[in-house]
Amino acid sequence: MTSNALSAEPTPVTVLGLGAMGRALAAAFLAGGHPTTVWNRTPGRADALVAAGATLAATAAEAVVASPVTVVCLMDHRSVSDVLTPLADRLAGRTVINLTTVSPADARATAAWADEHGIAHLSGAIMTVPVLVGGPQSMLLYSGPQALFTAHLGLLERLGSATHLGTDPGTAPLYDVGLLTAMYTMFGGFLHGAALVGTAGVSAKEFTELAVPWLNAMTLGMPAMADFLDSGDYRTDVQSLDFNEAAVAHLVHTSREAGIGADVLLPVLELIRRQISEGHGTESVTRLVEGIKDPRTSVR
Ligand SMILES: NC(=O)c1ccc[n+]([C@@H]2O[C@H](COP(=O)([O-])OP(=O)(O)OC[C@H]3O[C@@H](n4cnc5c(N)ncnc54)[C@H](OP(=O)(O)O)[C@@H]3O)[C@@H](O)[C@H]2O)c1
């Protein structure tokens, strides 16, 4: 899905939106030698970039005609629509790569709009923070036409690893939400664990020294869990839902005994109990995905 191909001549690029992330993207393009034009709705955000060699455009219209490729990094779908809609004629025959966080449906709507106006379009999702953009841990995901992705790979790899996830423009935003969901719920668990051991006077720093290697080791079990999910066969000889019900109930009990809440744990316990009540107590804990997929059973 990835390649290291770099184009010989750095492609000129325009960046629309100079928030924390847009500035980082523009700085990475400049560092890679790409002639970079920048624009932001509110003035005064481009000084450091201009000092580093960027060209500041007075208007978004002026910015997009300066380059064959425009990278968009605004707040949300509405701001993308507000900025791009009046520029359709100027963008015709050019490429738009939208790295703004949007929903899959919104990404498809922007792609359809672009198609209608003869604009090449890639959806993207930035799976990193501004300070890491351009570095070895920076990961970006893309979806849209394969040929367009390949043609601009040299440019995209200035920002970090570039992974193409298929032609549906909604796929990169969907992965974004999937990965962020995994991250937020993991962080919720980490915070709960820190609060729990904190009741015994353990600092969060001390807890983290064990939590990081522990969580890293636990992620090694994910490929085996994926096998259950992909097969839909949840039969197992080890650590059934019944076993996990007792384990998570113990976590809830101990948290309450320590005088803290159990808000992070209770939805997991609820999912486990629902599967058991439906007769699946001897099956794998990965069967929880069936409850997650069923919108009728959502508590909120
Ligand atoms: N920061 C991160 O760690 C991170 C990580 C991954 C993805 N992202 C995504 O990257 C995008 C930008 O994030 P950010 O951190 O750069 O946010 P930010 O610092 O708040 O910047 C938001 C940008 O959007 C512009 N904007 C908002 N509404 C606009 C409108 N109606 N018309 C024109 N411009 C408008 C702002 O312009 P003004 O200066 O004029 O307000 C600013 O340039 C978001 O979609 C975010 O989810 C961010």
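So, A66, is that one among the small types (G, A, S), buried (at least 17 other Cβ atoms within 10 Å of the Cβ), over 24 Å from the mean Cα position of the chain (by Cα) and within 12 Å of the ligand (Cβ to nearest atom) or not?
Spelling it out, it is not the case that A66 is among the small types (G, A, S), buried (at least 17 other Cβ atoms within 10 Å of the Cβ), over 24 Å from the mean Cα position of the chain (by Cα) and within 12 Å of the ligand (Cβ to nearest atom).
Among the residues of segment 160-181 satisfying the criterion of being in a strand (DSSP E or B) and touching a Phe, Trp or Tyr at 6+ places or on another chain (Cβ under 8 Å), which is surrounded by the fewest Cβ atoms within 10 Å (Cβ to Cβ)? Lay out the reasoning, then the answer.
Narrowing segment 160-181 to residues in a strand (DSSP E or B): 161-164.
Checking the rest, the ones that are also touching a Phe, Trp or Tyr at 6+ places or on another chain (Cβ under 8 Å) come to 162-164.
Numbers: A162: 23, T163: 18, H164: 22.
Going through the qualifying residues, I end up with T163.
Does A51 satisfy the condition of being more than 12 Å from the ligand (Cβ to nearest atom) and more than 24 Å from Q137 (Cβ to Cβ)?
For A51, the condition - more than 12 Å from the ligand (Cβ to nearest atom) and more than 24 Å from Q137 (Cβ to Cβ) - is met.
For residues that are away from the ligand (no atom under 11 Å from the Cβ) and crowded, with 23+ Cβ neighbours inside 10 Å, scanning just segment 96-109, find the one that is farthest from A28 (Cα to Cα).
Looking at residues that are away from the ligand (no atom under 11 Å from the Cβ) and crowded, with 23+ Cβ neighbours inside 10 Å, I get A107.
Please indicate, with yes or no, whether at least one residue in segment 142-159 is within 23 Å of R94 (Cβ to Cβ) and either assigned to a strand (DSSP E or B) or not assigned by TED's automatic domain parsing to the domain that holds T70 (or both).
Yes, because at least one residue in segment 142-159 is within 23 Å of R94 (Cβ to Cβ) and either assigned to a strand (DSSP E or B) or not assigned by TED's automatic domain parsing to the domain that holds T70 (or both).
Could you tell me which residue of segment 12-33 is farthest from the ligand (Cβ to nearest atom), considering only residues that are over 16 Å from V131 (Cα atoms) and either of a type in the set (V, I, T) or buried (at least 23 other Cβ atoms within 10 Å of the Cβ) (or both)?
Looking at the filtered set, the residue picked out is V13.
Considering only segment 132-151, I want to know if a residue exists there that is of a type in the set (S, T, N, Q), away from the ligand (no atom under 15 Å from the Cβ) and either crowded, with 18+ Cβ neighbours inside 10 Å or at positive phi (or both).
The answer is yes; a qualifying residue exists.
If you take the residues in segment 34-48 that are part of a loop (DSSP other than H, G, I, E, B) and of a type outside the set (A, V, I, L, M), which one is farthest from the ligand (Cβ to nearest atom)? Talk me through it step by step, then tell me what you get.
Start the filter on segment 34-48 by keeping residues that are part of a loop (DSSP other than H, G, I, E, B), which leaves 34-35, 40-46.
Still in the running and of a type outside the set (A, V, I, L, M): 34-35, 40-45.
Details: H34: 19, P35: 21, N40: 5, R41: 3, T42: 3, P43: 8, G44: 9, R45: 6 Å.
The extreme case among them is P35.
The values are calculated or read from the model by the stated rules, or taken from the named source; none is laboratory data. Source: prediction; values computed, not measured. Note that each Cβ is placed from the backbone with ideal geometry, even for glycine, and that neighbours are counted across all protein chains shown.
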